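**Q** Quick one: the structure is below, questions incoming.
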Amino acid sequence: MDLKENCTYVMHNFRVLKNNGQYRVCDHQFKLVFIGVTVVRECVLEDIPFRKYRFAGFANVVASQFEPGLLVDVIGVVEEAVFRQVSGKGRRVVFKLKDLSQQLLSCTLWDDYCLQFFKFLDDYEGDGPITVLLTHCRIKEAQGSYPPSVSNSFKASKLIINQPVMEIQELNERLAELGIEARSGFKSHDEGSTQLSGSIQLSSKESFFGKAEAKTIVDINTISEDGDVDLNASPQALDKLLGYELAFKIKVQPKFRNSAVLKCSADSSLINAVMDMLANAKQSMSVTADHDPLLGLPLTPTKRHAFHDCDDEARTSQISPAQLSSNK
């Protein structure tokens, strides 16, 4: 609470650590960590310059020429709205930004930053360009056919839209000098209220797959995943899925030695689509319960809901203990 932006301080008694976190605000080798005996004293130091933005070149980001984990700043003109979800959980807006080289870069604003963006649109009565300056962006690496993109960091980013700051003014002047068309990527204010109240509807296939790639379990297990498997830790909701054939969309996180299930579906068309995407799907499914490495592990604890206590749909088939372990 003692630190204020654009003020200068003299500080003592830090702990010095390697600057090797997952997301870094600068590329210095070390970082200073506040501890209980750190002393902070405000002091006027006029020779220290104000913060300068470190704008990432869009072409470099798209070409994957960036340092992973290093937060960057971006500035550009909104070219096109791609997706918006302003209700419920996971509020976000995805749009394309254009820079002076006319290179496009996908940008995602989440939660409070998404609301800030739409608050601006609600109050915006002009039809000119919408210039966005976003600090401390996270660069998301390319996935399959999807190029790299940027998004706000959890709390550290600052979103500046069409404000009279020098960097935005200079960008708009350069756009005019170069004759680059800078149009608003959204509908007018009168039309916007209806458009922004919901979300763009995607097909079931697009909604399920998103940017995910289909991989066999064998492939997933080779992504440096060496964490422990504990069947006792599985949630009760998993019991309702036993015996079903489902398509799962998961996020593999080798660094944290786990995977997170993002979506699952019993839609046969989606399941068939996954199977078609897996060239060696038949080989991966040829493993039987007799060769299941999890058979020696304990089954679900008895204190959990029994299988017959689950939904009616889950009662339609009886499963042997061996199948139970294998399917799980």
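**Q** Kindly indicate the residue of the range 19-46 that is among the acidic types (Asp, Glu) and more than 30 Å from residue 150 (Cβ to Cβ) and also most open to solvent (accessible area, probe 1.4 Å) among those meeting that condition.
**A** Going through the qualifying residues, I end up with 46.
**Q** Moving on. Mind counting the residues in the range 40-78 that are in contact (Cβ under 8 Å) with a residue 60 or more places away in the chain, more than 22 Å from residue 7 (Cα to Cα) and acidic (Asp, Glu)?
**A** 0
**Q** Please work out which one of (1) assigned by the TED database to the domain that holds residue 144; (2) at pLDDT 90 or above; (3) not charged (D, E, K, R) is the condition residue 82 fails and give its number.
**A** It fails just one condition, (2).
**Q** Another one. Would you mind stating whether residue 93 is in contact with a helix residue (DSSP H, G or I) (Cβ under 9 Å, 6 or more places away or on another chain) and β-branched (Val, Ile, Thr)?
**A** yes
**Q** Among the numbered conditions (1) in a loop (DSSP other than H, G, I, E, B); (2) open to solvent by 80 Å² or more (accessible area, probe 1.4 Å); (3) of a type in the set (A, V, I, L, M, F, W, C); (4) more than 30 Å from residue 168 (Cα to Cα), tell me where residue 16 comes up short.
**A** Status for residue 16: all satisfied but (1).
**Q** I need the full set of residues from the range 181-202 which are at pLDDT 50 or above and out of contact with any strand residue (DSSP E or B) (no Cβ under 8 Å at 6 or more places or on another chain), in order please.
**A** 181, 187
**Q** What number of residues within the range 163-172 satisfy the criterion of being touching a residue at least 40 places away in the same chain (Cβ under 8 Å) and either part of a strand (DSSP E or B) or of a type outside the set (Asp, Glu) (or both)?
**A** Counting residues in the range 163-172 that are touching a residue at least 40 places away in the same chain (Cβ under 8 Å) and either part of a strand (DSSP E or B) or of a type outside the set (Asp, Glu) (or both) gives 3.
The values are calculated or read from the model by the stated rules, or taken from the named source; none is laboratory data. Please read these numbers as outputs of a predicted model, since none were measured by experiment. Cβ coordinates were reconstructed from backbone atoms using ideal geometry, including for glycine residues, and neighbour counts include every protein chain displayed. Each accessible area value is taken on the protein alone, full model and side chains, heavy atoms only, with ligands, DNA and RNA left out. Shrake-Rupley method; radii C 1.70, N 1.55, O 1.52, S 1.80 Å.
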